[in-house]
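The values are calculated or read from the model by the stated rules, or taken from the named source; none is laboratory data. Owing to the predicted nature of the structure, the values given are computational and were not obtained by experimental measurement. Using ideal geometry, Cβ is built from the backbone for each residue, glycine included, and neighbour counts are taken over all protein chains shown. Protein only, heavy atoms only, side chains kept; ligands, DNA and RNA dropped before computing areas. Shrake-Rupley method; radii C 1.70, N 1.55, O 1.52, S 1.80 Å.
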Amino acid sequence: DSPAPPDDEPASSPAPTGNWEFRVAPYLWVTDLKADVSYKDVSGTLDPHIKDLLKNVQIGIMGSADLYHKPSRLSFYTDLLFVRMKVEETVGPFQVSAGPFSVTKPGAQKQVGPFIVRTPQGPVRVGPFDVSTGPVKVTVPRVEFPVGPFDIEQTLTQIALRASLGYRVLDYPLADLLGKESSDDPRRIRTDLYGGGRFWWMKVELDVEYPPIKTPGFTVSPELVAYPQIQLPSASFSGVTFGGEDIEEEVTSWWVDPVVGVRTLIDLHGPFSLFVDGNVGGFGIGSASQFSWEALGMLTWRFGEKWTAAAGWRALDVDRRVGDLEVDLLMHGPILGLIYRFR
């Protein structure tokens with residue numbers, strides 16, 4: 001969700017003028033990511049370490065906006081996450097063995113002739129003959145050979161755009177909850193319930209290169225001999241021939257998850273506040289994901305009339321198993337934001 005809290009007006013400040021308040025919040029989310037994706041007969045796992053993010057992330061655009069109407073207690077807020085990440089690795093070569101094994105071909109019967117044989121007495125017709133061949137058995141000894149190395153390049157491009165409409169169900173003096181006089185404690189607790197949708201767009205690209213597979217002592221036809229499926233630590237794919245290849249696969253998919261959630265801002269002391277937010281969505285409706293969830297917790301610090309800094313932790317998870325692209329994605333990590341308020 002958006003790093004902008006539902007209302008970051010300091011408890012000790014005078015009531016603001018005007019009925020509308022608008023906030024924008026660019027932020028940086030340093031996320032650890034794990035994604036299991038599959039499409040057609042290809043599957044891959046992206047699990048880069050958080051320390052490699054600067055190397056793996058090619059594009060990152062993150063920000064949110066929040067519009068609040070005080071008389072109606074209604075809010076409209078959006079959050080945009082656009083990330084393109086590329087992971088490159090080389091695995092192998094792997095030592096593979098095959099054999100020994102035998103191949104037996106059953107015998108066959110065939111009619112040959114007739115033949116014309118020329119003799120001093122003239123041509124003689126001979127045959128036809130019934131020829132019967134016995135079974136043919138070929139024994140292949142055990143052989144060991146290297147497969148790979150495999151140069152694997154996986155790219156994940158994703159857009160997660162959420163739009164929600166919220167209603168403030170609680171705006172209450174914090175002192176009353178603590179059994180104190182509210183006149184002596186201006187802090188408040190504010191809670192919004194919201195509902196909306198999260199638009200997902202994902203593009204997954206897999207590029208695998210490997211050299212020809214050489215078997216010592218044997219001549220293998222690359223077109224006739226192949227592995228039906230290769231299972232590597234980070235990718236699984238088919239179509240591997242002994243001739244070496246450059247396998248390229250790409251798939252794009254989009255869907256919309258309905259989401260419902262709640263967010264709360266609690267005044268702590270002076271310019272500091274605690275902001276927590278959570279939502280769930282998907283529910284397997286139509287082409288939506290089976291389930292998605294998001295959790296966010298931040299400490300905010302107002303350091304000016306219009307500026308607020310925020311720092312915390314955010315997690316976003318989606319599990320979708322519909323259509324060509326199946327995705328199980330978890331993103332989590334520290335988040336830093338800067339909130340600017342318009343009136």
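Shape summary: the chain maps onto an equivalent ellipsoid whose semi-axes, from the alpha-carbon gyration tensor, are 71, 20, 15 Å in decreasing order.
Since only Phe94, Gln109, Ala160 are under comparison, the one whose Cα sits farthest along the positive direction of the charge dipole of the chain, derived from C-beta charges on Lys, Arg, Asp and Glu, is Gln109.
The GluC sites (Glu not before Pro) found in the range 292-331 that occupy coil by DSSP, while having at most 11 further C-beta atoms within 10 Å, are Glu305. Computed in the context of the full set of protein chains, the accessible area of the range 256-343 at 1.4 Å probe radius has 70% of its extent on carbon or sulfur.
The alpha carbon gyration tensor of the range 27-177 gives principal lengths a ≥ b ≥ c with a/c of 1.5 or higher and a/b greater than b/c, which makes the shape prolate. Dipole check for the chain: with +1 at the C-beta of Lys and Arg, -1 at the C-beta of Asp and Glu, and the Cα centre as origin, the magnitude is about 820 Debye. For the residue pairs Lys40/Lys214; Lys34/Lys86; Lys110/Lys137; Lys40/Lys203, the alpha carbons lie more than 21 Å apart in Lys40/Lys214. Which percent, nearest 5, of DSSP beta bridges in the range 202-343 are antiparallel? Just about 100 percent of them are antiparallel. Taking chymotrypsin sites (Phe, Trp or Tyr not before Pro) across the range 261-319, the ones in a DSSP loop with at most 15 further Cβ atoms lying within 10 angstrom of their Cβ are Phe283, Phe303.
Rolling a 1.4 Å probe over the heavy atoms of the protein chains gives the chain an accessible area of 53 Å² per residue.
Once the Cα-Cα distance is subtracted from the 0.36 nm per residue extended length, the Gln111 to Asp246 segment shows a gain of 43.8 nm. Each residue of the range 268-276 is assigned a 3J(HN,Hα), and the resulting list reads 9, 8, x, x, 9, 9, 10, 10, 10 Hz, derived from the Karplus form 6.51 cos²θ - 1.76 cosθ + 1.60 (θ = phi - 60°), x at Gly and Pro. In this simple spin-label approximation, Arg343 and Val322 carry label points 7 Å from Cα along the Cα→Cβ vector, and these lie 4.4 nm apart. So if we plug the beta-carbon distance of Phe272 and Arg84 into 1/(1 + (r/R0)^6) with R0 = 30 Å, what FRET efficiency do we get, rounded to 0.05? The calculated FRET efficiency here is 0.25.
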